[in-house]
1. Under 8 Å for C-alpha pairs, at least 6 residues apart: give me the relative contact order for segment 93-216, rounded to a whole percent.
2. Divide the volume of the convex hull of the Cα atoms of segment 2-89 by its number of residues and quote the answer in cubic angstrom per residue.
3. So with the 1.4 Å probe, I'd like the accessible area per residue for the chain, rounded to whole Å².
4. Among 61-71, 47-57, how do they line up from the highest to the lowest mean number of other beta-carbon atoms within 10 Å?
5. Above 16 Å lies some portion of the pair distances; for segment 29-80, what is it as a whole percent of all C-alpha pairs?
6. Could you work out Rg/(2.2 N^0.38 Å) for the chain, with Rg from alpha carbons only?
7. Relative contact order for segment 1-130 using alpha-carbon pairs under 8 Å, separation at least 6, rounded to a whole percent?
8. Pairs Lys9/Lys173; Lys134/Lys186; Lys15/Lys40: which exceed 24 Å Cα-Cα?
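The values are calculated or read from the model by the stated rules, or taken from the named source; none is laboratory data. In this text, all values refer to a predicted model and were calculated from it rather than measured experimentally. Here Cβ is always computed from backbone atoms with ideal geometry, including for glycine, and neighbour counts include all displayed protein chains. When the accessible area is computed, the model is the full protein with side chains, heavy atoms only, and any ligands, DNA or RNA have been set aside. Shrake-Rupley method; radii C 1.70, N 1.55, O 1.52, S 1.80 Å.
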Amino acid sequence: MISAQHIDKSFGTLKVLKDICFEAADAEVVSIVGASGAGKSTLLQILGSLSSPDAGKVLIDGVDIYSLSDREMSEFRNRRIGFVFQAHNLLPEFTALENVMIPALIAHKSRREAATKAEQLLRELGLGERLTHKPSQLSGGEQQRVAVARALINDPSVLFADEPSGNLDSKTKTELHQLFFDLRDKHGITIIIVTHDRELAELSDRALEMKDGRFI
């Protein structure tokens with residue numbers, strides 16, 4: 001599903017990624033661990049089309065994403081890639097349902113279709129009683145589940161998660177970790193997780209460790 005070939009990335013004189021090669025199979029859950037500054041989040045952003053590499057290429061489901069035009073890239077990202085971050089990035093003025101609907105509306109789906117799919121996902125994630133609640137009325141774990149539903153609304157091929165449980169208590173964190181594997185089993189989605197959490201990494205199909213811009 002994902003193939004990254006000889007990825008380099010520098011910021012000024014600091015080389016953050018050094019000849020990285022990476023692959024993930026269809027419906028595989030891969031965790032990337034390592035100390036702060038190892039290059040994990042930079043790699044995730046490049047794999048997810050949010051930051052371009054200085055050298056190398058990234059293919060998702062056979063598509064060379066950095067050969068796409070800006071418009072093609074935006075459309076590909078919207079329809080094929082989902083993101084979950086440590087910060088939930090929910091829009092405070094909108095309800096849970098409306099937050100989840102936004103990527104579907106951007107993809108030109110009808111409001112009715114977007115609302116139906118958003119409600120289905122939120123109910124699947126245990127938030128059927130929270131559809132009309134705004135983010136300030138939700139717990140941290142509930143907000144993260146809304147963010148997961150939003151990432152899934154367009155049926156992406158790949159879900160990228162950057163420290164998704166970093167702000168959660170241990171019980172909620174365990175529930176979120178299990179959720180990722182349930183989603184993989186139900187939706188057949190490839191999931192790439194950057195985390196400091198060794199427990200989550202050990203649950204994954206594979207765990208890779210980065211140090212100084214390389215896999216070790």
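1. Working: 120 pairs, mean separation 28.2, N = 124.
Answer for segment 93-216 is 23 percent.
2. Values: hull volume 10.7 nm³, N = 88.
Convex hull volume per residue, Cα atoms: 122 Å³.
3. Values: 10240 Å² over 216 residues.
On a per-residue basis, the chain sits at 47 Å².
4. On the way: 61-71: 12.0, 47-57: 17.0.
Result, highest mean first: 47-57, 61-71.
5. Details: 590 of 1326 pairs.
Above the 16 Å cut-off, segment 29-80 has 44 percent of its Cα pairs.
6. On the way: Rg = 17.0 Å, N = 216, 2.2 N^0.38 = 17.0 Å.
In units of the 2.2 N^0.38 Å rule of thumb, it is 1.00.
7. Details: 134 pairs, mean separation 25.2, N = 130.
It rounds to 19 percent for segment 1-130.
8. Working: Lys9/Lys173 31 Å; Lys134/Lys186 27 Å; Lys15/Lys40 13 Å.
In this structure, Lys9/Lys173; Lys134/Lys186 lie more than 24 Å apart at Cα.
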